[in-house]
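Here the structure is laid out as structure tokens; the discussion comes afterwards.
The values are calculated or read from the model by the stated rules, or taken from the named source; none is laboratory data. Just so we're clear, the structure is a prediction, and the values are computed from it rather than from any experiment. Because the Cβ atoms are built from the backbone with ideal geometry, glycine has one as well, and the counts that use them run over all protein chains shown.
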Amino acid sequence: MPDPLFENVIRKFNDVADRINLEPRVRTILSQPKNEIIVNFPVKMDDGSYRLFKGYRVQHNNVLGPYKGGFRFHEEVNLDEVKALAMLMTIKCALAGLPLGGAKGGIKFNPKSVSPAEMERITRRFVHALGANIGPFHDIPAPDVGTNAQTMDWMMDTFVNTASAGERHNLKGVVTGKSVDAGGTVGREAATGTGAVMCIEEWAHVKGLSLSGMSYAIQGFGNVGSWAAVAMARNGARLVAVNDAAGTIIDPNGIDVEALRRHVREHRTLEGFSNCALADRTAFWGVPCDIMIPAALENQIGAAEATALKCRLVAEGANGPTTPEGDAVLEKRGIEIIPDVLCNSGGVIVSYFEWLQNKTGEAWDEERVTHSLRKIINKAHREVASIAAANKIDMRSACYWKALKQIDRVYAARGIFP
């Protein structure tokens, strides 16, 4: 049975392809990924036993440039989910105007169930199993759910050490999202959350609103959610609800963002924070707020959640958090959406900056990274809003519209070999 996210992405793709009369041959090419790679690899565990892991890398399209997309380590990873996420990456890169294609990958396991030493061996063995299927001018992974800068450092180190001594320093760009010490860029860790808030700032600016004093809620307090909270706090906004797998914290007076960040870094969940009683997931969606930021997994806002929401804007920090049924309810209720392929594109945009720095040997400062990110993401936001208004369509459709038009133009110019 197909993964719901894959069905949702294909449905939206087909809907917009119909609207713009996408060239049939381009539609055929984009409807499926170019490559679906599955590897099964053994890893020695701490107790001396061997465990077999299943890993995926789906390369959707590379007409704009090398494949680009994250690796997620999660027990629910499956082929159709990865295919959907890879297609979203193709849309996301084209939307931002990056010379990159779309890919996604992952390993099906719970990263919380293994030790740090086992995590390193799993990561390195996965990269070795993928071999030449990734590379700095072919396919460039990055962090996603369950992975971080340390994961990327291990991946890069494994990959470069399979090359000749003279080539190793030229291959650091095989992954992005590395630690700064290992060749990463300043600003990458915060980029997805920061970029989401840049979109919210642009939305507020267009409407003549100030974020100062506004209330917001966040689902998921990992990398994306926590950095989005930092950027929202910097704008003077008030965090009134947070939800993760452990439960929900609600405080209409405001939750201390930095205190919560420290707690989650130490304990990995909301549980136990300031001795707050945890409410259930249902209570979270009904909390009155100005802005809702889903920053966890896909398919979180269905019709029921969209009906319960008491906000004016949903800013999608996660990939595919809103189902088509949820979209329809939000549109009917007049709740605006900043779609995932725009709202969470900060990560891939700054990954592109990191890749450029690795290619040229430069090291950008934080001011340059932030300025360049804001320039790209605001431009994309304005163009999408203009397309939506001119064609009387929703913002998600406008995102696909802009991206697919760009890809269509490239295929028209290049043709299809042979």
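Go over the candidates 146, 184 one by one and state the one that is surrounded by 24 or more Cβ atoms within 10 Å (Cβ to Cβ) and touching a residue at least 40 places away in the same chain (Cβ under 8 Å).
Working: 146 fails: surrounded by 24 or more Cβ atoms within 10 Å (Cβ to Cβ).
Exactly one of 146, 184 is surrounded by 24 or more Cβ atoms within 10 Å (Cβ to Cβ) and touching a residue at least 40 places away in the same chain (Cβ under 8 Å), namely 184.
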For residue 226, all conditions in the list (1) polar (S, T, N, Q); (2) surrounded by fewer than 16 Cβ atoms within 10 Å (Cβ to Cβ); (3) assigned to a helix (DSSP H, G or I) hold save one; what is the number of the exception? (2)
By residue number, the members of region 96-116 that are part of a helix (DSSP H, G or I) and either small (Gly, Ala, Ser) or within 30 Å of residue 382 (Cβ to Cβ) (or both) are 96, 113
Cβ-Cβ distance below 7 Å, separation of 6 or more or different chains: which pairs start in region 3-20 with a residue that is farther than 22 Å from residue 76 by Cα and end on one that is not in a helix (DSSP H, G or I)? none
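Would a scan of region 159-171 turn up a residue that is among the basic types (Lys, Arg) and either outside the structural domain of residue 67 (by TED's automatic domain parsing) or assigned to a loop (DSSP other than H, G, I, E, B) (or both)? It would help to see each step written out before you state the result.
The first filter runs over region 159-171 and keeps only residues among the basic types (Lys, Arg), leaving 168.
Going one step further and asking which of them are either outside the structural domain of residue 67 (by TED's automatic domain parsing) or assigned to a loop (DSSP other than H, G, I, E, B) (or both), we end up with none.
The answer is no, given that none of the residues of region 159-171 is among the basic types (Lys, Arg) and either outside the structural domain of residue 67 (by TED's automatic domain parsing) or assigned to a loop (DSSP other than H, G, I, E, B) (or both).
Can you tell me which residues in region 385-418 are assigned to a loop (DSSP other than H, G, I, E, B) and more than 17 Å from residue 339 (Cβ to Cβ)?
First, the residues of region 385-418 that are assigned to a loop (DSSP other than H, G, I, E, B): 392-394, 415-418.
Within region 385-418, 415, 416, 417, 418 meet the criteria.
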Residue 54: basic (Lys, Arg) and surrounded by 23 or more Cβ atoms within 10 Å (Cβ to Cβ), yes or no? no
Looking only at region 104-123, count how many residues are touching a strand residue (DSSP E or B) at 6+ places or on another chain (Cβ under 9 Å), surrounded by fewer than 24 Cβ atoms within 10 Å (Cβ to Cβ) and of a type outside the set (A, V, I, L, M, F, W, C). 5
In this structure, does residue 186 turn out to be aliphatic (A, V, I, L, M), assigned to a helix (DSSP H, G or I), within 28 Å of residue 73 (Cβ to Cβ) and modelled with pLDDT of 95 or more? no
So which residues in region 265-310 are of a type in the set (Ser, Thr, Tyr) and part of a loop (DSSP other than H, G, I, E, B), if there are any at all? 269
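Would you mind stating whether residue 38 is assigned to a strand (DSSP E or B) and either among the acidic types (Asp, Glu) or surrounded by fewer than 19 Cβ atoms within 10 Å (Cβ to Cβ) (or both)?
Working: assigned to a strand (DSSP E or B): yes; either among the acidic types (Asp, Glu) or surrounded by fewer than 19 Cβ atoms within 10 Å (Cβ to Cβ) (or both): yes.
Yes, satisfied.
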Quick test of your reading of the structure: residue 220 fulfils all but one of (1) crowded, with 23+ Cβ neighbours inside 10 Å; (2) on the phi < 0 side of the Ramachandran plot; (3) of a type outside the set (Val, Ile, Thr). Name the failing condition by number. (2)
Condition (residue is in contact with a Lys or Arg (Cβ under 6 Å, 6 or more places away or on another chain) and in a strand (DSSP E or B)) applied to region 139-154: is it met by at least one residue? yes
Region 243-298 - residue that is among the polar types (S, T, N, Q) and either without any contact (Cβ under 8 Å) to a residue 24 or more places away in the chain or farther than 28 Å from residue 202 by Cβ (or both) and, of those, surrounded by the most Cβ atoms within 10 Å (Cβ to Cβ): 248
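Out of all the residues in region 117-132, is one or more closer than 28 Å to residue 383 by Cβ, hydroxyl-bearing (Ser, Thr, Tyr) and assigned by TED's automatic domain parsing to the domain that holds residue 51? Write out each step before concluding.
Within region 117-132, the first condition is being closer than 28 Å to residue 383 by Cβ, and the residues that meet it are none.
No: zero hits.
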Does at least one position in region 36-47 carry a residue that is closer than 27 Å to residue 13 by Cα and in contact with an Asp or Glu (Cβ under 7 Å, 6 or more places away or on another chain)? no
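Which one of 388, 413 is without any contact (Cβ under 8 Å) to a residue 12 or more places away in the chain, within 20 Å of residue 206 (Cα to Cα) and over 16 Å from the mean Cα position of the chain (by Cα)? Spell out how you get there, then give the answer.
Numbers: 413 fails: within 20 Å of residue 206 (Cα to Cα).
Of the residues listed, the single one that is without any contact (Cβ under 8 Å) to a residue 12 or more places away in the chain, within 20 Å of residue 206 (Cα to Cα) and over 16 Å from the mean Cα position of the chain (by Cα) is 388.
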When region 62-77 is checked residue by residue, the ones that are under 29 Å from residue 408 (Cα atoms), buried (at least 24 other Cβ atoms within 10 Å of the Cβ) and not charged (D, E, K, R) are 67, 69, 70, 71
